[in-house]
Structures are given as structure tokens and as C-alpha cells.
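What follows is a short report on a single structure.
The values are calculated or read from the model by the stated rules, or taken from the named source; none is laboratory data. Every value quoted in this text rests on a predicted model; they were computed, and no experiment measured them. Ideal geometry is used to build each Cβ from the backbone, glycine not excepted, and the neighbour counts take in all protein chains shown. Accessible surface is based on the protein model in full, side chains and every heavy atom, while ligands, DNA and RNA are left aside. Shrake-Rupley method; radii C 1.70, N 1.55, O 1.52, S 1.80 Å.
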Amino acid sequence: MSVPSTFAQLLPLFSIQGSLEDYLVRVTEFCRTTFEADGVSLFLRINGTDTFVLAAQSGPRAQLPWTASVTVDRGIAGTSASDGAPIILNGTAEWSNHPAKDTIGSSMVVPLITLQAESVGILNICRSTGAQGYGANDLEGAEAIARHLALAVDNASLVARHKADADRYAALAEQNRRVLDSLPSGVIALDRARRVVQANASALRLLQQPLNHPATDWETLATNLSPEGKAAIDRCLAAASSGNESRVTIEEPDSRHLQVRASQGAAFGITLIIDDITHDIEIERELQRTRTLAEVGQMTSAIAHEIRNPLTSISGAAQMALDEQTLDGAKGWAKVVQQEALQLNDLCDEFLDFAKGVALNPGEASIDAVVSELLMQMDSQLIESGTRVSFEPGDQVPIILADKAKLSQAIRNLILNGAEAMVGGGELRISTEAQQNCVLIRVEDHGIGIPEENLARLFTPFFTTKSRGTGLGLCNVRRVIEAHGGSVEVTSRVGVGTEFTLCLPLRTRP
Ligand code: ADP
Ligand code: MG
């Protein structure tokens, strides 16, 4: 009897080809002839369970039902599988509980143990009664075959697992591609050598590339861009390569506006996201036109409204003057006409300031002198409104380079607002202060204050809460101060008062 313990004897097993099922049947046949067996059966473990099911059998005694199974720790085969130790059973006594105990003479039960020490199957080789019993030599051969089988079964399950993994990855990649292709934004992944790792359908469409033959490198992918557009994106790519996320909007000769964002992607590659924002830009432009038109409309109605009031007074006063019998009486009405005309003039100045924009005519200016002079000019007006003004010049406030007339106009606007905020009169405090790089001018009133929701809109042209306001005063203040390179701040509490602070740099911008 030849026992296949040497490589040469096992060789026929290695040349078996075909599916795992065919292979298992061939091995059982090989075992049957080699071990002169009457029945050979092979059970394989169902992955992740304690159950082994019949996978192949051969020989006249191989009449097991295909539903036959073995459970770990149960019966002779189950115990052999869990212990990992092969067993030889000789003589019917040892088969006391087996249904076929009367006919099986000798049997080898060999577990299939993988390199990872897992039992993946059980090989059963048996002879009928009357034949010679199996010995240690036979068992050694059977074990060699079982090891070979374990490897084959393990390999097969590994291949199956890998195939399942590969299928899963392919499905994931396909899903990923579909998601990317459904995005309206173009998404491009480039590797370090600027080769295209991925480009979704939108990217190809935006870069006017064929969908079926996508370019494999960035240079080819960008061929249909204008040279300026491509150069701008290349700068973005360079910035992203050094770790700075960057973006650019390019305008193509066909009037498309493409917004491109580049950021460092995985493995030092770059991800580009491209959006066609042509429509957004058109909407923004349209909105801007509408806003401008609305502002013009607002301005026109504000002007008409502001002019009509004094005009009504003028025409009323003129009528009264005409009706007056005495010269003194007529003069009284003429004074009203004069005042209203002056107010109209102020109004025109405010509108013209707004329309003209600020052109500074700077010279050396002492802020304290500007304020003192202004207060003198406004004296009667302030007394009339019941406003008591205190002026506290700061220590060593330096001469600065500024447009005195414009500055005076700006401070005047703040004083008027303060006076108007104190219905029936009140205290208005003006102070100056020298700081390291700038001069501060504060105008503080104890008036009605400004509600939180109005603070953000104060400097917007035409924003007014007054029935006879133009809403241009603060807008002009800010424009003048900013033209000097300065800033305007406001703090206010409703019912307590408001403080405006102008900050003027020691020198105006060149
Ligand atoms: P106008 O004085 O013509 O209304 P301004 O631009 O000068 O326009 O002021 C805009 C608005 O800001 C005013 O209508 C008022 O609601 C608010 N405001 C400005 N200064 C003060 C202040 N000192 N106290 C309270 N509210 C103020
Ligand atoms: Mg005002």
C-alpha cells in the first residue's frame, strides 16, 4: 500500500484544475484509491459557524445524504475538528453509537487545519469490516492530504473574500462616480505631477472637454481655456501646492465667469472645484442696477420733498409781505423768506456734497480752532434750540493736515444731530484728545439715543428717522473723515444719549 507522505506522491493533487468543487471530488477519489478506502467524505465549515456540511464524497460507501452535517464538539468528527487532532478508529466497538457501526471496520477522521490554526473542514476515510485496519503510517499520509486541502480551502475562501471586497470597492467607486457626476460643480483631483486622478462630468463640461475621452493630464484638460484663464488657475494650483487654499474667478472670451477653488487634496495632490457663476454675476449686476435706480428714486423724492417745504414757506411769506400795509411788516416776512432761502442753500450744499464725492483741499489745521470757530457761527442757532454746549479742548492737540472747511461741515452735522436728538434742549459736550497717531473729536449728547437696529444703517445715504431729515448728514461725515484716512465710531443708549467719535490721523493719506 502506498502512503502519500512524500511530495512526489502528493504531486497529482497539485495538478488538479477547475473549480473548488471539482477539486474536492477529485481529492476524495484520490484518497479512496490511495488508501484503498470504501468511502471518503469531506465536510467543510460554513464560514463563521460551528457547522460543517458535506462538500464531496466518493466510493461505494459514500452514500451520505447531501444534507449531512457535523457540529463542533459533537460526535467523533466534531470532537476531532475542535481538538484539531486526527483519530483512527479500528473495530466496531469504537463505533458504538454510530448508525453504520456494523459495517465500518476502520476509519480515519482528520481535521483540515489552516496555517492560522483554524479548522475549516473534516476528512473522513473508512474501510468496511473485514479489511485491514488503518495504522499510523496511513494517518500520516491522510494528514498530509488534509493539510493540502486546508490550504486549498483557505485559498479559495481568501479569493472569494478578495473578490467580494473588489466587487464592493468597484460598487463604491461607481457610486462615488455617480454622486460626483450628479454635482453641478466641476470636481477635479490632480496628483502631484498634475495628472488627472478624477474629473467629474461637470468639470469636463465646464472645461469644454469630451465626456467619453477625458484628458489624463491637467495641461490637456485645460486646452480649451483662454491663456489668461489658464494662467490664473495655474497660479491657484501653485498656491494650493504650497498648502494655501486659493480661489480665482476668470472670465472666458465666451462671457462665462468661472469660479475656481484649489486646495491641497490627499497625498499632496490638488482638488479643484469649478463653478459657473455667470448667472450669479448677472443677477448681482441686475441687483446693483436696481439698487442704484432705487437710490436715485429715493434721492429724487427726498430732494423734491426737502425743497417743497421751504418753498411753501417762501411763497406763504411772500404772499403775506404783499398783503402787508407797512414796510416793517413786509420786512418781517422778507426775513422769513431769507431764512428759508438760506436753509434751501444748506440743503443744496448737503446734496451737492453727496453727489460730488469728497475732494480734499488739505492744509494745516488746528482742530480746536476749527471747533471754536464753528461754535461761534452756530451760537444763535444753538441757543434757539435750547442746546448748551461745553467744549473741552484736549492737552497739546497737535496741528494736523486736514481740509478745515470739510471738517467743520462734518462736526457741524454731528452737533446738529445732537441738538436735534435733545428735544426741548439739553447739554452737548464736545472734546478733543491727542493720541499717539491721531486726534480724537468727541460729540456727546444726552438725547433720545439710537435703537440697536438703526445703528448699522446710520451711515447709509437717505436713512433718516426725521420728518424733515435728508439722511445725508452722517453719510457725508463718514465720507469726509474716511477721505482724511480716519474713522467714525458711535456708541449710544436709548433714552440716555449718543457719543460720536471722530478719529483723524496726524497726516492725511498722500
Ligand atoms: P438726518 O439728520 O437728516 O436724519 P443723518 O444722516 O444726520 O440724517 O442722521 C441719520 C439718522 O441717524 C437720524 O435720522 C437719526 O435717526 C439718527 N441719529 C443721528 N445722530 C443722532 C443722535 N445724536 N442721536 C440720536 N439719533 C441720531
Ligand atoms: Mg443730520
Within the stretch 471-510, the count of residues that are within 13 Å of ligand 2 (Cβ to nearest atom), outside any strand (DSSP E or B) and open to solvent by less than 30 Å² (accessible area, probe 1.4 Å) comes to 7
Subset of the stretch 107-139, residues surrounded by fewer than 23 Cβ atoms within 10 Å (Cβ to Cβ) and over 60 Å from the mean Cα position of the chain (by Cα), comes to S128, T129, G130, A131, Q132, G133, G135, A136, N137, L139
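Which residue, of A215, A203, A240, is assigned by TED's automatic domain parsing to the domain that holds G265, outside any helix (DSSP H, G or I) and open to solvent by less than 30 Å² (accessible area, probe 1.4 Å)?
Values: A203 fails: outside any helix (DSSP H, G or I); A240 fails: outside any helix (DSSP H, G or I).
On inspection, the qualifying residue turns out to be A215.
So in the stretch 417-429, with the set limited to residues that are within 16 Å of ligand 2 (Cβ to nearest atom) and modelled with pLDDT of 95 or more, which one is nearest to G473 (Cα to Cα)? Write out each step before concluding.
First pass over the stretch 417-429, keeping only residues within 16 Å of ligand 2 (Cβ to nearest atom): 417-423, 428.
Subset that is modelled with pLDDT of 95 or more: 417-422, 428.
On the way: N417: 8, G418: 12, A419: 13, E420: 12, A421: 14, M422: 17, L428: 18 Å.
Among those residues, the one meeting the criterion is N417.
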D395 passes all but one of the listed conditions (1) more than 16 Å from ligand 1 (Cβ to nearest atom); (2) under 17 Å from E489 (Cα atoms); the exception is number (2)
The residue that is least open to solvent (accessible area, probe 1.4 Å), considering only those in the stretch 259-295 that are of a type in the set (A, V, I, L, M, F, W, C) and over 22 Å from L180 (Cβ atoms), is I281
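Being more than 11 Å from ligand 1 (Cβ to nearest atom) and either among the β-branched types (V, I, T) or at negative phi (or both) narrows it down to one residue among C503, C475; which is it?
On the way: C475 fails: more than 11 Å from ligand 1 (Cβ to nearest atom).
Only one candidate qualifies: C503.
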Test for R468: is it touching a residue at least 40 places away in the same chain (Cβ under 8 Å), charged (D, E, K, R) and part of a helix (DSSP H, G or I):
no
Conditions (1) in contact with a helix residue (DSSP H, G or I) (Cβ under 8 Å, 6 or more places away or on another chain); (2) assigned to a helix (DSSP H, G or I); (3) assigned by TED's automatic domain parsing to the domain that holds Q264 -> E228 fails only (1)
Given (1) more than 15 Å from ligand 2 (Cβ to nearest atom); (2) in contact with a strand residue (DSSP E or B) (Cβ under 8 Å, 6 or more places away or on another chain), Q436 misses just (2)
Of the residues in the stretch 267-285, those that are of a type in the set (S, T, N, Q) and under 18 Å from C236 (Cα atoms) come to T271
Q) Can we say I46 is touching a helix residue (DSSP H, G or I) at 6+ places or on another chain (Cβ under 7 Å) and either open to solvent by 70 Å² or more (accessible area, probe 1.4 Å) or at pLDDT below 90 (or both)? A) no
- Task: Could you check, for the stretch 442-454, whether at least one of its residues is assigned to a strand (DSSP E or B) and either more than 11 Å from ligand 1 (Cβ to nearest atom) or surrounded by fewer than 17 Cβ atoms within 10 Å (Cβ to Cβ) (or both)?
- Result: yes
For this session: Kindly check whether there is at least one residue in the stretch 74-86 that is modelled with pLDDT under 90, acidic (D, E), surrounded by fewer than 18 Cβ atoms within 10 Å (Cβ to Cβ) and in contact with a helix residue (DSSP H, G or I) (Cβ under 7 Å, 6 or more places away or on another chain).
Result: no
Looking across the stretch 382-437 at residues that are among the hydroxyl-bearing types (S, T, Y) and not in a helix (DSSP H, G or I), the single one that is surrounded by the fewest Cβ atoms within 10 Å (Cβ to Cβ) is S390
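Take the conditions more than 15 Å from ligand 2 (Cβ to nearest atom) and modelled with pLDDT of 90 or more and apply them to I450. Does it pass? I'd like the intermediate steps shown before the answer.
Numbers: more than 15 Å from ligand 2 (Cβ to nearest atom): no; modelled with pLDDT of 90 or more: yes.
So I450 does not fit the description; no.
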